[in-house]
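Contents: one structure, followed by commentary.
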Amino acid sequence: MADQKLNFNSLTIHGGQQPEPSTGAVMPPIFQTSTYAQRAPGEHQGFEYSRTQNPTRKALEDSIASLEGAPHGLAFGSGLAAIDAVLKLLKPGDEVISTNDLYGGTYRLFTKIFAHYGIGFHFVDMSDPALVRKYLNEKTKLLWVETPTNPMMNIIDIQAMSELAREVDALLVVDNTFATAYLQRPIEFGADIVMHSATKYLGGHSDLVLGSLAVKDPALAEQLYFIQNSSGAVCGPMDAFLTLRGIKTLHVRMQRHCENGRSIAHFLREHEAVEATYWPGFEDHPGYTVAQKQMKDFGGMVSFRLKGDRFEDASKVVSSLKVFTLAESLGGVESLAGHPASMTHAAIPAEERAKTGVSDGLIRLSVGIEDIRDLQSDLEQALALVG
Ligand SMILES: Cc1ncc(COP(=O)(O)O)c(C=O)c1O
């Protein structure tokens, strides 16, 4: 099927997919095999060894590429494994510019692993392109963008970042985990690589860990396939299958995540126990205009700060929720609540966290697709304990 003729809500189901040739199976089987018979040395059917290629993983990689409007897709054992592969494009002395409220695990990988190999990192407020320009130089090889950012929901202008990257011939990578291709297609705004923790919305059911890359340039994709095979951090066929299954309903789930996210954001903003609510769909959000330009809707992630900004209050609220589950992660059908300062962002030093607003009273919600009345009354009862 010619993908380019399909609209996004069909690409989630058909993009890059064909019935399995030997049986006609509509879903690709879980090819649980490490190796493939050869008729004579080197005479095979395109598959030699499952670290290098696996048909279930290939079906997922083609789906991911199609969703992002990129010719090439790659799947890895986790989002961090996908990020790790991209960073291995770099050499000692190269520099990376990234946002100062980056996901804690990405920050840890950059500063605790790759910094030891002589790669330099600058973490800046990327919502201000002028600040990014200050750090651009001939050593800059990568701009690493997350938008919306985790957990402060800041918006970074992808097109502006791609123009800056071009000035010094650097690559622009966008972590599209929060938005997904349903809301935002970074390749259309000039990104070279789109990265996902598919563990989140793509999988969508909190039952797997997987990462992906979608890549525009064939030579760059070749380099990344080489790293994928050489470093070997690939996903297994079962997880590839589950992610593919999740992707088939991405558009329907995202629509409801956005609806519920909007209602919860407005509910929190009006609540007397809440000091501030962070959601890019508010017209007075500093990134609203850029979000409107590059996103179709505003997603289901909402963060808020309690009045008084106390750890004890945040802890009481998240521990008292009954429909929301207190847990790491996001993007599943069920609503989750997290306390970034002690959970997802604990890897970032307290003084760095304080600068970006990840304080003790901040709570992050991944708003799921349950009945909105149940989500609101759950928050109502928990917030009453600190109001
Ligand atoms: C924005 C973002 N990027 C990357 C990752 C890492 O992905 P994984 O946990 O699949 O390794 C996460 C995980 O929470 C994330 O939220």
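Quick notes on this structure:
- Summed over the residues of the chain and divided among them, the accessible surface reaches 42 Å² per residue at a probe radius of 1.4 Å.
- Sulfur and carbon atoms: percent of accessible area, the chain [1.4 Å]: 52 percent
- Of all DSSP-defined beta bridges confined to the chain, some 55% are antiparallel rather than parallel.
- Amide H partners (placed H, <5 Å) of Leu210, local residues excluded: Gly79, Ala198, Thr199
- Label sites at Ala219 and Glu351, each approximated as a point 7 angstrom past Cα along Cα to Cβ, lie 4.3 nm apart.
- Summed side-chain charge close to Thr199 - residues other than Thr199 whose Cβ falls under 11 Å, Lys, Arg +1, Asp, Glu -1: -2
- For the chain, built as a Gaussian network whose Cα springs stay under 10 Å, the top-fluctuating residue of Asp313, Asp101, Asp175: Asp313
- The translational diffusion coefficient of the chain, from Stokes-Einstein at 4 °C and 1.567 mPa s with a Kirkwood hydrodynamic radius over alpha carbon pairs, comes to 61 µm²/s.
- Across the chain, the mean sequence separation of Cα contacts (distance under 8 Å, 6 or more residues apart), normalised by length, yields a relative contact order of 17 percent.
- Tail beyond 18 Å, pair distance distribution of segment 1-57 (Cα, percent): 49 percent
- Dividing the summed -39500 (n - 2.57) terms of all DSSP H runs of n ≥ 4 by the residue count of the chain sets its mean residue ellipticity at 222 nm at -10500 deg cm²/dmol.
- FRET efficiency for the Ala384 to Lys296 pair, using the beta carbon distance and R₀ = 45 Å, is estimated at 0.80.
- Peptide ranges 228-235, 280-287, 41-48, 53-60 listed from the most packed, as the mean C-beta count within 10 angstrom indicates: 53-60, 228-235, 280-287, 41-48
The values are calculated or read from the model by the stated rules, or taken from the named source; none is laboratory data. In this text, all values refer to a predicted model and were calculated from it rather than measured experimentally. With ideal geometry, Cβ positions are generated from the backbone for all residues, glycine too; neighbour counts draw on all protein chains shown. The protein model used for the area step is the full one, side chains on, heavy atoms only, and it has no ligands, DNA or RNA in it. Shrake-Rupley method; radii C 1.70, N 1.55, O 1.52, S 1.80 Å.
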